[in-house]
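**Student:** There's a structure below that I have some questions on.
Every read-out reported here was derived from the displayed coordinates using simple, explicitly stated rules and does not represent laboratory data. Source: prediction; values computed, not measured. Here the Cβ positions follow ideal geometry from the backbone for every residue, glycine too, while neighbour counts run over all protein chains shown.
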Amino acid sequence: MEIIIEADGEHTCCGLEVTRYQRVTWTYLTTRDGRFFQALHPLDVPVSEVTGTVVDIEVVRADGSRIGVERVPSGNAFSGNDPHDDGVIMVLHTEEMLDPSPDERLLFMVTLDVADGRTQTSRVRADVIR
């Protein structure tokens with residue numbers, strides 16, 4: 001089962017850091033066309049929750065290429081407002097930093113292993129502000 005969880009400006013506002021093997025519970029809403037969107041703020045529409053363990057994180061670039069990364073930095077780290085986190089995105093299994101251009105919009109593909117044994121693919125979108 002695939003679930004798309006996108007958080008455009010919401011992630012840079014108040015999204016939390018996401019790391020591999022972290023247990024997460026995400027609230028999401030379902031659109032009429034069957035897509036799911038992460039909901040970080042209270043809404044006046046029906047929402048659902050999904051709980052799982054993060055097993056993979058990739059950055060999907062504008063050209064469609066994918067790069068495995070160690071984490072999705074928090075929104076505060078992206079915007080330079082976290083004194084303890086510089087918002088660096090490290091390429092998985094390397095010591096290389098992913099260095100997006102200031103106007104590049106990154107899309108993170110987060111894969112969750114859920115309790116029922118299925119894998120849910122979640123997308124968390126964040127604008128990188130540097």
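**Student:** For segment 22-35, what does the Karplus curve 6.51 cos²θ - 1.76 cosθ + 1.60, with θ = phi - 60°, yield as ³J(HN,Hα) per residue in whole Hz, taken in order and with x for Gly and Pro?
**Tutor:** My calculation for segment 22-35 gives 7, 8, 10, 10, 10, 8, 9, 10, 9, 8, 4, 8, x, 8 Hz in order.
**Student:** Can you tell me the order of 15-24, 86-95, 39-48 when each peptide is scored by its average per-residue count of other Cβ atoms within 10 angstrom, highest first?
**Tutor:** 15-24, 86-95, 39-48
**Student:** Another one. Could you tell me what fraction of 2.2 N^0.38 Å the Cα radius of gyration of segment 8-127 comes to, as a two-decimal ratio?
**Tutor:** Working it through for segment 8-127, the quotient is 1.06.
**Student:** Further question: Can you list residues whose amide H is under 5 Å from ILE89's amide H, if they're 5+ apart or on another chain and H is modeled 1.01 Å from N?
**Tutor:** LEU98
**Student:** To the nearest µm²/s, what D does Stokes-Einstein give for segment 8-73 at 10 °C and 1.306 mPa s, using the Kirkwood radius over alpha carbon pairs as Rh?
**Tutor:** 117
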